[in-house]
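Colleague: Okay, handing you the structure first.
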Amino acid sequence: MRIFIDLCIISIYLCKTVFSKCNITLDILGHKEANCKDQGLTNVPINLARDINKLDLSYNKLTRLDANIFLRYKYLGQLMLDNNAISLLHKKAFNGLSLLSYLSMSNNNLNLSESYPTEVFESLKNLSVLDIRRNMKTREFNPYRIPFSEIGNLRELSIDLVFNATFGQEFKKLINLQTLRFDYCHVNFLYNGTFSEMPVHIKEFHMTTCKDFVVVEIGVLVPFPRLKVLNITNSNIHLTQALRILHPFQNKSMEAILFRGITYVNFKHGLDSIILTPEMMKFISTICIKSLDLSDNDIILVKNASLVLFQHPQCFENLMMSANSFGLDNWALNFFIFVRKLTNIKIFDFSYVPLMFKNPIFLDVITRANHTRVEEVQRKLTQKILPITVTLPSKTFQFLRITHVMGTMSFREFKLTNSSLRHLELSYFDTKFFPIITVEGFNSLEHLDLSGISSDITIGMGRIPHLIHLKTLILKETNLYNLLQTNTTAFKFCPNIMILDISHNYIWNLKTLGQLHNLRLLNLSHNLLDNVPMVVTKFENIAELDLSHNQFTTIGKKTLDWIHTQHEKIGTFKLFLNDNPFICSCSTTAFLRWILTTKVKLDNNGNYSCWVAVDSRNHINYTKNIAEDFHNYFVNCDPILWIRLGISLLVSVLSSLICITLLYNFRWRIIFFFFRNLRRFAEKGLNLTFDYDVYVSYSDDCVCFVKEVQQKIENEWGFKICIEDRDFIVGESIATERATSINKCRHIVFVVSPSTAENEWSRFEIERAKYEKFSQNLQKIVVITKDIALENIPVEFSIIWKDVLLIQWPVEKDEVQMAWQKLRLWFF
């Protein structure tokens, strides 16, 4: 019996191993690749094809690699064992993998001192890339004991940098090593002799994760005389130290020096924010550098133009200096002379610079007669426009980004002469002036981003030239709605654009965008549109339309037909509709059915939130849920069902109890019926005029809020408002006075609070609003909910809910401002 149980266990184990589900594919060269990621494997599968070239066993549960475990796969060229729990390697684990060139075992539990037995790499004669980083997770002294002499062809090594690192003679035997990467960084000191046992021919040195401050001696990089790439991005070293360790490379050439984000204030070692001086730059200024990144280093001041003292500016291809705090006030001319010398530059980035705030308010302490008071004094900043024309290098310059600069744009002109520039981003400047962009000769500009700067001072003032090759235009947060109301040819400077992003612009109406015949992607998200502008449907080549984060309650049939036509014509149409206040009701069933059946590619897989009336209450649901129970939600929308319901009601009228109930429930409608007939002859033939713009219905607990509404609507917006406490004639019938006042108003606003449901006159006003709406006298019905949940709103609104414009009054100040803006837009 015991033997039988053991055999069953072995069988289950073998089944789990042999029948593992791995995805076998072919690469472009026809080599087989086995993807066994995240399969829960505890052993290497043995049922795969023998001739696989690549095996990925990442994210499994392997804990050890036994002898000859890969012997079946002798053609393996790449093996990935990342993110397992491997802690033990048998010395014959990789036996038979003589063709293996890439081995990755990162993020396991392999100890650099104990887990690599002699002969473990003996079969890997062709291994060129070894990744064993992210294994040393604790800060302990562990000398490196790895048999590197067995893999003499290794060209790239990724490993952890342990505490008090001593590398040993084994590293000297890596005679072909070109790239050295350190990941987990446990050191606090890097001495002159730390890397003395490294091979001298290393060309790339990467150390990017030293979060604790590292003291670096000046000669630490002397063992790497042939270094071409030095990358210490995001390591806590401080730029002052980093610039000093470059002395071995004076008057040499380097591919890249990447010093982004390495400066953190350290008072213990006397290191503060950076003030660049010629003395600090004396080593780096002599090096011919292709790519230099000094971004995010807390550089607050540049003395004597020390940042542009490079002796070989023609060497630069990529130069990044973003996220610092230095200005160009005293050395702007030197800076632009330096830019002119960048004859081979391709990418230049000078962004995220917090120099100054616009119109700051300061506090002055004034002492008079022994009394001290504090006064707020606002300094009026006068923007000085320098008579400087910035001419960009023309041969190789392809990418220029200057964005998020908290300062003024003080230059008169940007000139592109026979330019190769393809990407230009001048965005988010706190400025009232924008330079003229001029083009001489040919230009290749394809991408232009002017976000965050008012379109009135860019496009509106004609400061953008004719860009015939422009393909992408981004104008986020540019107050574009003002310009589009008055300028019908705003985009004539870019007739061939294919991508237009005008999101975040408070656009509620769009009359024209000009003749953009090649437009394929239009982003109108984060605006105030409640219907698709007709101008959009005139673009014949649009294949992607973003209408998310607007005010759509449904999409009309004409627009849906146009979208279907575009999809059929182009082949694929993408539509983004997320975060709109859709309504699921009888009037929107066509749109809901379209969502279910369309082949257009929708965001969120076509599952959007929507308001739906259930049991005379409004709830938020999702279109997929509505689709699954479509019949029950919209059973009352079928006319035949209404007829059947009517017959049932006629039969039930025979009961006196039902009659009494109906009379009570519809008493206001009966009153309005007689009132309507009495007034019919008086109103016939008359042209109705409005004495007021807005009638406000409210209860006693909203008097303070109504006074605020009155102040906003009458004093700020110039509308005439009718409220009970001020405008009703004393002595008249209250019902007549309310009905007459609503009839004389163009719009009505219901301020719904917890006491509204108990207020009989509020119900009367709701019924009267229904009558006026059905009579087409009332234009807008706005409901403002105040301290009340949507499910507690009076049920009398249900019949006209599709005509109601709803505002749930917020608490946050920013959201309140948006609510006022929305209310004002609805009154226009």
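The values are calculated or read from the model by the stated rules, or taken from the named source; none is laboratory data. Just so we're clear, the structure is a prediction, and the values are computed from it rather than from any experiment. Here Cβ is always computed from backbone atoms with ideal geometry, including for glycine, and neighbour counts include all displayed protein chains. Ligands, DNA and RNA are excluded from the accessible area calculation, which covers all protein heavy atoms including side chains. Shrake-Rupley method; radii C 1.70, N 1.55, O 1.52, S 1.80 Å.
Colleague: Cut-off under 16 Å on the C-alpha distance; same-chain residues fewer than 8 positions from LYS624 excluded. Which aspartates and glutamates are left, in chain and number order?
Modeller: Hits, sequence-local ones excluded: ASP579, ASP603.
Colleague: For region 473-480, just list the computed ³J(HN,Hα) in residue order, Karplus coefficients 6.51, -1.76 and 1.60, θ = phi - 60°, integers in Hz, with x standing in for Gly and Pro.
Modeller: So the J values, rounded to whole Hz, are 10, 10, 10, 6, 6, 10, 6, 5.
Colleague: While we're looking at this one, here's another question. What are the residues whose amide H is under 5 Å from the amide H of LEU806, where those residues sit 5 or more places off or on another chain and H is modelled from the backbone?
Modeller: The list, which skips near neighbours in sequence, is VAL783.
Colleague: Going down the table (LYS476/LYS720; LYS720/LYS813; LYS92/LYS228; LYS432/LYS780), which pairs top 28 Å between alpha carbons?
Modeller: Beyond 28 Å: LYS476/LYS720; LYS92/LYS228; LYS432/LYS780.
Colleague: Determine the gain in length on full extension of the stretch LEU650-ASN126; use 0.36 nm per residue of separation and subtract their C-alpha separation, reporting nm with one decimal.
Modeller: Length gained, LEU650 through ASN126: 179.5 nm.
Colleague: Probe radius 1.4 Å, ligands and nucleic acids ignored: give me the carbon and sulfur share of the accessible area of region 498-585 as a rounded percent.
Modeller: Carbon and sulfur atoms account for 50 percent of the accessible area of region 498-585.
Colleague: Can you tell me the length gained on complete extension of the stretch MET818 to ILE799, counting 0.36 nm per residue apart and subtracting the Cα distance?
Modeller: 4.1 nm
Colleague: Here's another thing I want to ask about it. Using amide H atoms built 1.01 Å from N in the peptide plane, name the residues 5+ places from LEU88, or on other chains, whose amide H lies under 5 Å from its own.
Modeller: Close amide H contacts, sequence-distant or interchain: LEU65.
Colleague: Give me the one-decimal nm value for the distance between modelled label points at THR598 and TRP717, 7 Å along each residue's Cα-to-Cβ direction.
Modeller: According to this spin-label approximation, the distance is 3.2 nm.
Colleague: In region 198-255, which trypsin sites (Lys or Arg not before Pro) fall in coil by DSSP and have 12 or fewer other Cβ atoms within 10 Å?
Modeller: Filter output for region 198-255: LYS211, ARG226.
Colleague: Which ³J(HN,Hα) values, rounded to whole Hz and listed in residue order, are derived for region 787-799 from phi using the Karplus coefficients 6.51, -1.76 and 1.60 in 6.51 cos²θ - 1.76 cosθ + 1.60 with θ = phi - 60°, glycine and proline given as x?
Modeller: Ordered by residue, 3J(HN,Hα) equals 6, 9, 6, 4, 6, 9, 5, x, 5, 4, 6, 4, 5 Hz.
Colleague: Then there's this: Tell me which residues come under 5 Å, amide H to amide H, from VAL439 once H is placed; ignore anything under 5 positions away on its chain.
Modeller: The list, which skips near neighbours in sequence, is LEU416.
Colleague: How much net charge surrounds THR209 when only the other residues with a Cβ under 14 Å from the Cβ of THR209 are counted, with Lys and Arg +1 and Asp and Glu -1?
Modeller: Result for the neighbourhood of THR209: +4.
Colleague: While we're on this one: Which one of MET280, ASN35, LEU76 has its Cα pushed farthest toward the positive end of the charge dipole of the chain, where Lys and Arg give +1 and Asp and Glu give -1 at the Cβ?
Modeller: Value computed over the given set: LEU76.
Colleague: Going from most exposed to least, what order do ARG593, ARG181 have by accessible area with a 1.4 Å probe?
Modeller: ARG593, ARG181
Colleague: Kindly provide the helix-only [θ] at 222 nm of the chain, computed as the sum of -39,500 (n - 2.57) over DSSP H runs of four or more divided by all residues, to the nearest 500 deg cm²/dmol?
Modeller: -6000 deg cm²/dmol
Colleague: Let me know the volume per residue of the alpha-carbon convex hull for the chain, in Å³.
Modeller: Given the Cα convex hull of the chain, per-residue volume reads 306 Å³.
Colleague: Each residue of region 425-431 in order: what ³J(HN,Hα) in whole Hz does its phi give by Karplus 6.51 cos²θ - 1.76 cosθ + 1.60, θ = phi - 60°, with x for Gly and Pro?
Modeller: Working through the residues one at a time gives 10, 10, 9, 6, 9, 8, 9 Hz.
Colleague: Quick one: accessible area per residue over the chain, 1.4 Å probe, rounded to a whole number of Å²?
Modeller: 50 Å²
Colleague: Hey, another quick one. Along the charge dipole of the chain, pointing to its positive end and built from +1/-1 on Cβ of Lys, Arg, Asp and Glu, which listed residue (THR486, LEU445, PHE705) has its Cα farthest out?
Modeller: Projecting each Cα onto the dipole axis, the largest value belongs to LEU445.
Colleague: How much accessible surface does TYR75 have with a 1.4 Å probe, in Å² rounded to 10?
Modeller: Per-residue accessible area (TYR75): approximately 110 Å².
Colleague: Give the calculated FRET efficiency between SER775 and MET461 to the nearest 0.05, with a Förster radius of 45 Å applied to their Cβ-Cβ distance.
Modeller: Calculated value: 0.35.
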